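Report on the following structure.
The values are calculated or read from the model by the stated rules, or taken from the named source; none is laboratory data. The model shown is predicted, which means the values in this text are computed figures rather than measured ones. Note that each Cβ is placed from the backbone with ideal geometry, even for glycine, and that neighbours are counted across all protein chains shown. Each accessible area value is taken on the protein alone, full model and side chains, heavy atoms only, with ligands, DNA and RNA left out. Shrake-Rupley method; radii C 1.70, N 1.55, O 1.52, S 1.80 Å.
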Amino acid sequence: MARKSKSNLSELCLEENKDQIYENALAEIQSFELPLGTTVRSVYDDQPNAHQKFMEKLDACIRNHDREIEKMCNFHHQGFVDAITELLKVRADAEKLKVQVTDTNRRLQDAGKEVIAQTEEIIRCRVQQRNITTVVEKLQLCLPVLEMYSKLKEQMSVKRYYSALKTMEQLENLYLPRVSQYRFCQIMMENLPKLREEIKEISMSDLKDFLESIRKHSDRIGETAMKQAQQQKTFSTALQKQNNVNYGRNMHLGRNRILESKNEITLKRTFEDEDEHDEEVLTAQDLVDFSPVYRCLHIYSVLGDGEVFENYYRKQRRKQARLVLQPQSSMHETVEGYRRYFSQIVGFFVVEDHILHVTQGLVTRTYTDELWNMALSKIIAVLRTHSSYCNDPDLVLELKNLIVVFADTLQGYGFPVNRLFDLLFEIRDQYNETLLKKWSGLFRDIFEADNYSPIPVANEEEYRIVISKFPFQDPELDKQSFPKKLPMSQSVPQIYMQVKEFIYASLKFSESLHRSSTEIDDMLRKSTNLLLTRTLSSCLQNLIKKPHIGLTELVQIIINTTHLEQACKYLEDFISNITNISQLTVHTARLYGLSTFKDARHAAEGEIYTKLNQKIDEFIQIADYDWTMSESDGRASGYLMDLINFLRSTFQVFTHLPHNNNDHAAMSGKVAQTACMSACQHLSMSLMQMLLDSELKQISMGAIQQFNLDVIQCELFANSEPVPGFQGDTLQLAFIDLRQLLDLFMVWDWSTYLADYGQATSKYLRVNPSTALTLLEK
């Protein structure tokens, strides 16, 4: 029961809750504030028969509202009736009022037509005035734009492109934004980029023309720069030459006077040249218009393409540098080829140096140094190659002078040139080689033209001329009266003068090399040593070996070399006077002329011995013995007498050998004695070989007797002392072997020979048994 009561109570509570839900839903529907979908959904959620119950509640709510409306209408009905009655009463008055208002309005409209017309005219005038004001204001904004654009066109027409770019910048940033709404401004804005591109193209075209122009005129620019650099050094160089030329005043007065006068003329010309060029000093700016570079640089900088322009300029200049550094194939043939080559390079770097200093960042010092190092490597390689083809020392010297001017010029512009001066030392060796070749020809010509006889001097003047060319001193000869003869031949003073000329030529290359006097002195001595030990020595050796040089010439050559050897000390003094370096200096080299001329004398002496022997052989070959004759002719053979006469006359020549002092006398005596001994020994051996000739099969006693007569003449010649100075019978010993052999056969003393054979006291000690047996068989 209790359980049922609880169930009914629960159902009752549930019903009350449902009614409350429906009431809330109806209140929400009447409020029109919340969405009805949510409200209706809440009524139907999980409720069976909810629709019917909700509709019942809705109908009850509607009936309640109808009752309230009906009550309200009943309450206000009388007031509504009274209001309608009042309206009906007012209608007649309203119609009257309407008629009055309409009439008043008509009369007012008629009266206001003229006012309206005047008012409309005023309004129209006011609008026109406002429009005019607006137009004036707009024109005032547009006129500066148009004026600037007109200015831009004018600047473009007169090629003031940098100013035109500035005008464009003002138009874009200041003027055009004020009137950007107008169509003509849009057209202008579209044209400005085209104008910029046009300016870039025009400026680039001008730059290309400029690059082509400096490529064509770089040689003229370089030539002008080199002339200016050379003019700056001319005066100091002339003074230096004057100091260097004043050498050996006490020994070479005549030559010094000539050199001093020449030097004065050089200085005078130097001053005149400087005066002429002082008024007219051209620079790179005078020869080339650099405005295209400045203009193009400014234009590209303003347009923000400065880096593009820099890269293009550097790239084009590198290409031009490669073209400039490429030499002509025939450059080494003339000095003009080298001069043009150097001028182009100098002109190129003068332009780059100018660009470096007048522009900011277009080229940098790093860029120019890099370009110069590349160019310097190429220049050195080119000069090494082409200078190796130069065989003319004058051309090599001109090349050296050009390199010095080239280096000094570029050094003045701040470029390092040490490698060029190092190259000059390589070229100096080549220059010396060409000098040696040239002087080799000069020496050969001198030797060919020499008559190899003492120099005759008829009077004091001729004597002075000779000693002015060659430092000859002989007190005994000075005491002799004119005419007289100097012991040397004409080639000696000529050779001496040519050696001095060679030293001058070597000195010319050493000038302007920025080297100390000690280094120059060392270079001169080394080159002179090469001339003496290699060139002159070779010429002497070749001269001595020539077939047409006879014994008389060889004797004169010995005399000549002696005097040249004595003159070496004067050559050393000559070099010292030029360089102002004392010979007492520790590092001073010495001339090797002593060994050169001694070797030449030894070769000449040996050639004398050889030619004497050859001449003896010639006489021996014409010997015509009748080896079967029964008895001798009673006199010596004709060929042998001719041979002896030849030897006598030949050895008389040796009396002309130099003997100014005891050493020379001993030397001349030794040469004569050696030649005489060698001739006698060779003659003895030749006669011995004639007897022992294998083709000679039989000899009669008559032939032996005739042969003995010839040997007796040889012995008489040896006894006559053809050359003084032999001790005792030294010269006769040359024929002792032949004499003992002939005595053995003449007296037929075989028993004595056999008995005494091998003993030191033997009468036939020098007779060889095999030789005796061979002759005995014949």
Are any residues in segment 320-339 within 21 Å of Q430 (Cα to Cα), open to solvent by less than 40 Å² (accessible area, probe 1.4 Å) and touching a residue at least 40 places away in the same chain (Cβ under 8 Å), and if so, which ones?
P327, M331, H332, V335, Y338
Please give the number of the condition E198 fails out of (1) more than 21 Å from L139 (Cβ to Cβ); (2) crowded, with 16+ Cβ neighbours inside 10 Å; (3) modelled with pLDDT of 85 or more.
(2)
Got at least one residue in segment 151-169 being under 30 Å from E201 (Cα atoms), small (G, A, S) and touching a residue at least 24 places away in the same chain (Cβ under 8 Å)?
yes
Could you tell me which residue of segment 394-435 is farthest from D219 (Cα to Cα), considering only residues that are polar (S, T, N, Q) and out of contact with any Ser or Thr (no Cβ under 8 Å at 6 or more places or on another chain)?
T434
Identify all residues within segment 137-177 that are among the aromatic types (F, W, Y) and in contact with a Pro (Cβ under 9 Å, 6 or more places away or on another chain); write none if there are none.
Y175
Consider E607 against the criteria (1) out of contact with any Lys or Arg (no Cβ under 9 Å at 6 or more places or on another chain); (2) assigned to a helix (DSSP H, G or I); (3) modelled with pLDDT of 80 or more; (4) among the charged types (D, E, K, R): it satisfies all of them except one. Which criterion is unmet?
(1)
Consider only pairs whose beta carbons are under 7 Å apart and that are at least six residues apart or on different chains; among these, list those whose first residue lies in segment 448-477 and is under 29 Å from Q541 (Cα atoms) and whose second residue is open to solvent by 20 Å² or more (accessible area, probe 1.4 Å) and at pLDDT 90 or above.
D450/Q490; N451/Q490; I455/Q490; K469/M497
Take L141 and decide whether it is surrounded by fewer than 10 Cβ atoms within 10 Å (Cβ to Cβ) and of a type outside the set (D, E, K, R).
no
Complete set of residues in segment 426-444 that are free of Cβ contacts under 8 Å to residues at least 40 places away in the same chain and either closer than 17 Å to K508 by Cα or aromatic (F, W, Y) (or both):
D429, E433
Can you work out which of the residues in segment 479-505 that are open to solvent by less than 80 Å² (accessible area, probe 1.4 Å) and more than 19 Å from I446 (Cβ to Cβ) is farthest from the chain's Cα centre (by Cα)?
F482
Would you check if V723 is surrounded by 18 or more Cβ atoms within 10 Å (Cβ to Cβ) and modelled with pLDDT under 85?
yes
Give segment 440-464 a look and list any residue that's in contact with a Phe, Trp or Tyr (Cβ under 9 Å, 6 or more places away or on another chain) and among the β-branched types (V, I, T), or say none.
V457
Does any residue of segment 216-225 turn out to be among the β-branched types (V, I, T) and without any contact (Cβ under 8 Å) to a residue 60 or more places away in the chain?
no
Within the bounds of segment 111-123, is there any residue that is open to solvent by less than 60 Å² (accessible area, probe 1.4 Å) and within 26 Å of L297 (Cα to Cα)?
no
Residues in segment 726-767 that are free of Cβ contacts under 8 Å to residues at least 24 places away in the same chain, open to solvent by 30 Å² or more (accessible area, probe 1.4 Å) and part of a loop (DSSP other than H, G, I, E, B): how many?
11
Pairs, first at positive phi in segment 507-518, second open to solvent by less than 40 Å² (accessible area, probe 1.4 Å), C-beta under 7 Å, six or more apart
S512/T237; S512/V404; H514/F421
